[in-house]
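What follows draws every value from the coordinates through simple rules; no lab data is involved. Being a predicted model, the structure only gives us computed values, none of them experimental. Reconstructed Cβ throughout: ideal geometry from the backbone, glycine too, with neighbour counts over all protein chains shown.
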Amino acid sequence: MLHVVGRLTEAVFHLVGPMTQALAADGHHQTLLMVDDAIGRQMATRLHPSLRIVSAPEGRNGLHRLLNLARRMGRLAGPRQDWTAVHLHGLVPVVLGAPLARQLERSGTRVFVSPHNSRSLRGLRWLGRPMLGVLRHLVPLHNYRTIANVPFDVRALQRMARLPARLIESPVADVFFQVAHQVDAPSPVIVGSAPPDAVAAAERFAQLAVLMADGQPGLRFRWIGAATPASVSVLEAAGVSVMAEEQAADPYHRAHALADATLFVAPSAGQGFPMALAEAMAVGLPCVADAVPAHDDMVVHLETGLLAPGMPALSYAVAELLGGQALRQELAAAARRDALGRFSDAGFRRHVLAAFHRGNSA
């Protein structure tokens, strides 16, 4: 089985990592083709050891990177190769692999695609009907088996191409379901996190800390996600403690930081599956999330969390939760139940094996 991912970012890894793990445990031999960059090399160390990694040179610029990836893909997926399945992850591999995919399908190799990038789909949505028609002709997605990682991608594919897609949401590590959350900690602790590509998230959390500290002294704020050195300076200047980078990368430390908190804030969303929010829900932590499509699909407002559009609404929602013990407990219990049904590793493995064994898309 061949996986083509282009850049192996954290957003892509949340599906590719556990998916290749599940397939390896089921006895599948797998190869992964990726662009050779610093982030990808770091992510690759977390992949299953049986996975064969093939790298395409990053090149001097974006054009060279695309050409290098296309060449390596052509060698790996050419007519003389014998793959049972090829999985194209992301818009770039899907477009670059379209000519090869036709040949593979004719030879009996099943071709799977995963969008991975809601922003790309959102951009394609604004193309006119003639341009969308041309795109569908060049990249005949209706011939492929589509696996989406977030509900937004399922809806976007249906709107643009009337294309069914199997939804497989990423799993949350077992440790997040195993820790015991203390709903009523003696001193309120508000934790925040966001994906690395949500560049403004840490700054928004710092702004929230300043706003809330004025009205409710004694609150403690902690950031447990990735942050640039500049963002760390902004957070610390706002009185927010920042978890050490090596601890933030460790699920055990993240899980226990969430379990010791009063509530969780997702101030912004990046691309792909919102893992930080899913982890907080799995712990059973009351959650407040910025009202953006990725979070709208994760949280049902007033049932499994609170959705707040913008900074004033975000601070109001946090204050509402801090002042309402019953609401906190109700949302925490509902969030944990929802996470158990959606994000367990066992459920994820069942969905992955069903998709690849049956070979259908929905």
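Which value results for Rg/Rh of the range 234-353 when Rg is the Cα radius of gyration and Rh the Kirkwood radius based on the inverse mean 1/r?
0.97
Want the number for residue 158 to residue 107: 0.36 nm per residue separation, take away the alpha-carbon distance, what's left?
15.6 nm
Could you state the angle between the C-alpha long axis of helix 311-322 and the longest principal axis of the C-alpha atoms of the chain, as a value from 0 to 90 degrees rounded to the nearest 10?
With rounding to tens, the tilt is 60 degrees.
Based on the alpha-carbon gyration tensor of the chain, what equivalent-ellipsoid semi-axes (square roots of 5 times the eigenvalues) come out, in whole Å, largest first?
Values: eigenvalues 291, 81, 80 Å².
Listed largest to smallest, the semi-axes of the chain are 38, 20, 20 Å.
Between 145, 337, 75, which gets the highest mean-square fluctuation from a Gaussian network model of the chain, Cα cutoff 10 Å?
Result: 75 has the largest fluctuation of those listed.
What nm distance separates the two modelled labels at residue 41 and residue 357, each placed 7 Å from Cα along Cα→Cβ?
With each label placed 7 Å out from Cα toward Cβ, I get 3.9 nm.
So what's the angle, to the nearest 10 degrees on a 0 to 90 scale, between helix 62-76 and the longest Cα principal axis of the chain?
Relative to the chain, helix 62-76 is tipped by roughly 60 degrees.
Give me the net charge of residue 20's neighbourhood, meaning all other residues with Cβ under 14 Å from the Cβ of residue 20; Lys, Arg count +1, Asp, Glu -1.
Taking every other residue near residue 20 into account, the sum is +1.
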